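Asker: I'd like to ask some things about the structure below.
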Amino acid sequence: MNPVRSKKLKNSAGSQKANRTSNGMKILLIDNNTEHKKALAGALAGHEVEIQKYRPGLDFHTDGKSLVILSGGGGEGREIYDVHSAGHLWYQDEINFVRSCDKPLLGICMGFEIICKAYGSKIDELPKVQEGKYDLIVTKQGKSLLSHGKLTQHQAHKWYVKRAPKGFKVLAKSPTGIEVIKHQKKPIWATQFHPEKGGTLDLTRLVNTI
């Protein structure tokens, strides 16, 4: 297998670099072939970000990192239940990584589904893709942690999770499923929506909260 190369994330606008460390964090971004690279670059400007594009067999570079972000997917059409080899899901190594990771962790869309799968939740397919701005309901626990009673966020997914994994709190939900979860003891957060695309709870604010 060819080695997986990593690279530094650059702000697409060119006005700021994402490797500034004076006020930022060292972040590992696992790229699940996200379609929102430019939005991620802008939202994470000011942090030192190492990108590793996911594929089976990846050696996750977590040493010295303050946060690991699992991106959304969509760019190559890989889905949560796609098989890489007999008895081995395409995302199985990332699922295993989530279970053993000792760093603060944030999952976005596909990353959300991977975290839910890793901790035992069932992921189901929607009749059609949800894309665009949607209003979400914040739970009682979510209001205290997120400081909002309602969220308006960008959705772009075709899968949903009805029940949170064991050990997680549901902070926000929609008519189709749960939208924001947080582990009760570990620093693990995940959103079904795309906070890098803005909205009430944008990625910058979410990273600061974590």
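The values are calculated or read from the model by the stated rules, or taken from the named source; none is laboratory data. Quick caveat: nothing in here was measured; it's all calculated off a predicted structure. Every residue, glycine among them, receives a Cβ derived from its backbone with ideal geometry; neighbour counts consider all protein chains shown.
Asker: Among the residues of the stretch 84-93, are any more than 17 Å from T209 (Cα to Cα) and among the polar types (S, T, N, Q)? Talk me through it step by step, then tell me what you get.
Answerer: Of the residues in the stretch 84-93, the ones more than 17 Å from T209 (Cα to Cα) are 84-93.
So of that shortlist, the ones also among the polar types (S, T, N, Q) come out as 85, 92.
Scanning the stretch 84-93 turns up at least one residue that is more than 17 Å from T209 (Cα to Cα) and among the polar types (S, T, N, Q).
Asker: Take the residues in the stretch 111-135 that are at pLDDT below 95 and among the hydrophobic types (A, V, I, L, M, F, W, C), then tell me which one is surrounded by the most Cβ atoms within 10 Å (Cβ to Cβ).
Answerer: Checking each candidate, the answer is I123.
Asker: Could you tell me whether any residue of the stretch 80-98 is surrounded by 17 or more Cβ atoms within 10 Å (Cβ to Cβ), free of Cβ contacts under 8 Å to residues at least 60 places away in the same chain and among the charged types (D, E, K, R)?
Answerer: Yes, some residue in the stretch 80-98 is surrounded by 17 or more Cβ atoms within 10 Å (Cβ to Cβ), free of Cβ contacts under 8 Å to residues at least 60 places away in the same chain and among the charged types (D, E, K, R).
Asker: Next question, about the same structure. So, in the stretch 150-162, how many residues would count as being touching a helix residue (DSSP H, G or I) at 6+ places or on another chain (Cβ under 6 Å) and modelled with pLDDT under 90? If you could, list the steps in order and put the result at the bottom.
Answerer: Residues of the stretch 150-162 touching a helix residue (DSSP H, G or I) at 6+ places or on another chain (Cβ under 6 Å): 154, 159, 161.
With modelled with pLDDT under 90 added as a condition, the list becomes 154, 159.
The total comes to 2.
Asker: Filter the stretch 7-38 for residues that are buried (at least 20 other Cβ atoms within 10 Å of the Cβ), assigned to a strand (DSSP E or B) and modelled with pLDDT under 95 and give the result.
Answerer: The answer is T34, and nothing else.
Asker: Shifting gears a bit: Taking the stretch 190-210 as the search range and keeping residues that are surrounded by fewer than 24 Cβ atoms within 10 Å (Cβ to Cβ) and not in a loop (DSSP other than H, G, I, E, B), which one is modelled with the lowest pLDDT?
Answerer: Taking the stretch 190-210 and keeping what is surrounded by fewer than 24 Cβ atoms within 10 Å (Cβ to Cβ), we get 197-200, 202-210.
After this cut, where a residue has to be not in a loop (DSSP other than H, G, I, E, B) as well, the list is 197, 203-209.
On the way: K197: 93, L203: 94, T204: 91, R205: 88, L206: 90, V207: 91, N208: 87, T209: 83.
Checked the stretch 190-210; the qualifying residue modelled with the lowest pLDDT is T209.
Asker: A further question follows. Is at least one residue of the stretch 170-181 farther than 26 Å from N33 by Cβ, among the aliphatic types (A, V, I, L, M), under 17 Å from the mean Cα position of the chain (by Cα) and surrounded by 14 or more Cβ atoms within 10 Å (Cβ to Cβ)?
Answerer: As a first pass, look at the stretch 170-181 and keep what is farther than 26 Å from N33 by Cβ: 170-171, 173, 175.
Then drop every residue that is not among the aliphatic types (A, V, I, L, M), which leaves 170-171.
Next cut, under 17 Å from the mean Cα position of the chain (by Cα) only: 170-171.
If we keep only those that are surrounded by 14 or more Cβ atoms within 10 Å (Cβ to Cβ) as well, we get 170-171.
Yes: the stretch 170-181 contains one or more residues that are farther than 26 Å from N33 by Cβ, among the aliphatic types (A, V, I, L, M), under 17 Å from the mean Cα position of the chain (by Cα) and surrounded by 14 or more Cβ atoms within 10 Å (Cβ to Cβ).
Asker: Does P195 satisfy the criteria of being within 12 Å of the chain's Cα centre (by Cα), under 16 Å from E131 (Cα atoms) and not charged (D, E, K, R)?
Answerer: On the way: within 12 Å of the chain's Cα centre (by Cα): yes; under 16 Å from E131 (Cα atoms): yes; not charged (D, E, K, R): yes.
Yes; evaluated as a whole, the condition is true for this residue.
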